[in-house]
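Asker: Pasting a structure here, questions to come.
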Amino acid sequence: MTELAKKTQPSVLDNLDSVRAMIKRHKRNDILFSIIGLIALMVGLLTLCTLFIDLLVDGYGRFNLDFFSNFPSRRAERAGLLSAWVGSLLVMTVTFLTAVPMGVAAGLYLEEYAKKGWFSDLIEINVSNLAGVPSIVYGLLALGLFVYGLGLGQSVLTAGLTLGLLILPIVIVSTRESIRAIPVAIREAAYAVGATKWQVVKDHVLKYSQGGILTGVIIGMARALGETAPVITIGALTFIAFLPPSPISGTPPFINFEWLTSGFTVLPIQMFNWLSRPDHAFHINAAATGAIIIIVTLLMNGTAIYLRYKIRKNIKW
């Protein structure tokens with residue numbers, strides 16, 4: 001046994017040295033990959049910051065109350081964003097009301113109620129694929145379905161439904177991922193004390209997953225705010241000097257739906273219109289509009305991160 005131990009000891013030491021060398025090599029590769037990833041991240045961030053600062057410098061002179069309260073004009077110094085930001089607000093309202101309830105309900109059904117099989121797998125694959133479809137495809141679909149098929153015209157309702165279709169897969173995927181993150185023990189504990197399926201979903205699943213769901217909803221809305229191709233495809237106006245009718249009326253039932261069928265424009269379209277003008281003063285207006293869109297998008301994403309952190313911090317497993 002002693003001679004056998006003496007013979008095997010060098011081979012064990014050789015294997016140990018090779019394992020140490022492999023671990024050292026893998027650590028070196030990990031450090032190298034981290035450095036490359038950090039460089040790529042910094043290049044992207046620096047590029048974005050450079051473009052954003054350039055927009056701020058060019059459009060800083062237009063950041064005043066008149067720019068937000070004036071209609072578009074043929075004179076650049078008098079032109080404003082009133083019809084554009086009001087139109088964006090109304091379109092985002094329709095988008096939220098159509099996409100969020102449907103997306104959350106669909107994600108909840110697929111994750112909690114749908115039977116696992118080829119049909120649910122097919123739906124999951126299609127939802128994941130739809131999340132990566134270019135936005136122009138949704139614009140062409142809306143043009144044929146909503147504008148010509150259903151006769152909704154080039155209206156706020158059409159734009160809201162189009163952008164709702166655009167962010168619907170994002171909401172569904174984020175809802176499902178948030179629900180999957182909940183430990184199975186939470187459900188089992190609820191069932192153990194006699195809770196029904198709906199009580200488990202309502203009081204536990206939705207409660208603990210609302211942070212992730214809310215993050216996905218806000219990120220989807222931020223994407224919809226900056227989309228240009230779909231609203232151009234369905235015929236958004238590039239120059240509009242009036243506001244849609246107010247959703248609130250002074251007579252009972254105090255709700256007006258005429259604004260849904262009104263013409264509209266949105267912030268990206270107004271920016272595109274000013275960029276197409278040869279006058280440099282309009283380009284300054286476009287730079288200010290681009291900076292505003294980026295600021296609003298960053299604020300929405302920051303709000304999503306903060307709310308997710310706040311909600312998860314209050315969860316006690």
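The values are calculated or read from the model by the stated rules, or taken from the named source; none is laboratory data. If you're wondering where the values come from, they're calculated on a predicted model, not measured in any experiment. Positions of Cβ are backbone-derived with ideal geometry, glycine not excepted, and every protein chain shown enters the neighbour counts. Just the protein is used for accessible areas: all its heavy atoms, side chains included, with ligands, DNA and RNA removed. Shrake-Rupley method; radii C 1.70, N 1.55, O 1.52, S 1.80 Å.
Asker: Mind checking which residues of region 104-119 are of a type in the set (A, V, I, L, M, F, W, C) and under 8 Å from R176 (Cα atoms)?
Answerer: In the first step, residues of region 104-119 are kept if they are of a type in the set (A, V, I, L, M, F, W, C); the result is 104-106, 108, 110, 114, 118-119.
Of everything in region 104-119, those that are of a type in the set (A, V, I, L, M, F, W, C) and under 8 Å from R176 (Cα atoms) turn out to be L108, L110.
Asker: Only one of G216, G235 is open to solvent by less than 40 Å² (accessible area, probe 1.4 Å) and modelled with pLDDT under 85; which?
Answerer: Step by step, each of G216, G235 is checked, and only G235 is open to solvent by less than 40 Å² (accessible area, probe 1.4 Å) and modelled with pLDDT under 85.
Asker: Hey, can you tell me all the residues within region 111-128 that are over 16 Å from the mean Cα position of the chain (by Cα) and either assigned to a helix (DSSP H, G or I) or of a type in the set (V, I, T) (or both)?
Answerer: Result: E111, E112, Y113, W118, F119, S120, D121, L122, I123, E124, I125, N126.
Asker: For L150, only one of the following conditions fails: (1) under 23 Å from G235 (Cα atoms); (2) touching a residue at least 60 places away in the same chain (Cβ under 8 Å); (3) among the aliphatic types (A, V, I, L, M). What is its number?
Answerer: Looking at each condition in turn, L150 falls short on (2).
Asker: Counting just the residues of region 270-292 that are surrounded by 21 or more Cβ atoms within 10 Å (Cβ to Cβ) and among the aliphatic types (A, V, I, L, M), which one comes out farthest from R62 (Cα to Cα)?
Answerer: Filtering first and then ranking leaves M271.
Asker: Does F264 count as at negative phi, in a loop (DSSP other than H, G, I, E, B) and within 27 Å of the chain's Cα centre (by Cα)? Spell out the reasoning first.
Answerer: Details: at negative phi: yes; in a loop (DSSP other than H, G, I, E, B): yes; within 27 Å of the chain's Cα centre (by Cα): yes.
Yes: the conditions hold for F264.
Asker: Now for a different question. Name every residue in region 204-213 that is in contact (Cβ under 8 Å) with a residue 40 or more places away in the chain and either open to solvent by 10 Å² or more (accessible area, probe 1.4 Å) or in contact with a Gly (Cβ under 6 Å, 6 or more places away or on another chain) (or both), in order of residue number.
Answerer: L206, Y208, Q210, G212, I213
Asker: Taking N70, is it open to solvent by less than 70 Å² (accessible area, probe 1.4 Å) and in contact with a helix residue (DSSP H, G or I) (Cβ under 8 Å, 6 or more places away or on another chain)?
Answerer: Working: open to solvent by less than 70 Å² (accessible area, probe 1.4 Å): yes; in contact with a helix residue (DSSP H, G or I) (Cβ under 8 Å, 6 or more places away or on another chain): yes.
Here the answer is yes, as N70 does meet what is asked.
Asker: Are there any pairs, at least 6 apart or on different chains, whose C-beta atoms fall under 8 Å, with the first in region 14-27 and on the phi < 0 side of the Ramachandran plot and the second surrounded by 10 or more Cβ atoms within 10 Å (Cβ to Cβ), and if so, which?
Answerer: Note: no pairs meet the criteria.
Asker: Right, here's the next one. Which ones in region 77-110 are of a type outside the set (S, T, Y) and either over 21 Å from the mean Cα position of the chain (by Cα) or not in a helix (DSSP H, G or I) (or both)?
Answerer: E77, R78, A79, G80, L81, L82
Asker: Something else: Restricted to region 244-261, and to residues that are in a loop (DSSP other than H, G, I, E, B) and open to solvent by less than 70 Å² (accessible area, probe 1.4 Å), which residue is nearest to L82 (Cα to Cα)? Break it down into steps so the answer makes sense when it comes.
Answerer: Narrowing region 244-261 to residues in a loop (DSSP other than H, G, I, E, B): 244-247, 249-254, 256-257.
Applying the additional criterion that residues be open to solvent by less than 70 Å² (accessible area, probe 1.4 Å) yields 244-247, 249, 256.
On the way: P244: 11, P245: 14, S246: 14, P247: 16, S249: 20, N256: 20 Å.
If we take residues in region 244-261 being in a loop (DSSP other than H, G, I, E, B) and open to solvent by less than 70 Å² (accessible area, probe 1.4 Å), then P244 is nearest to L82 (Cα to Cα).
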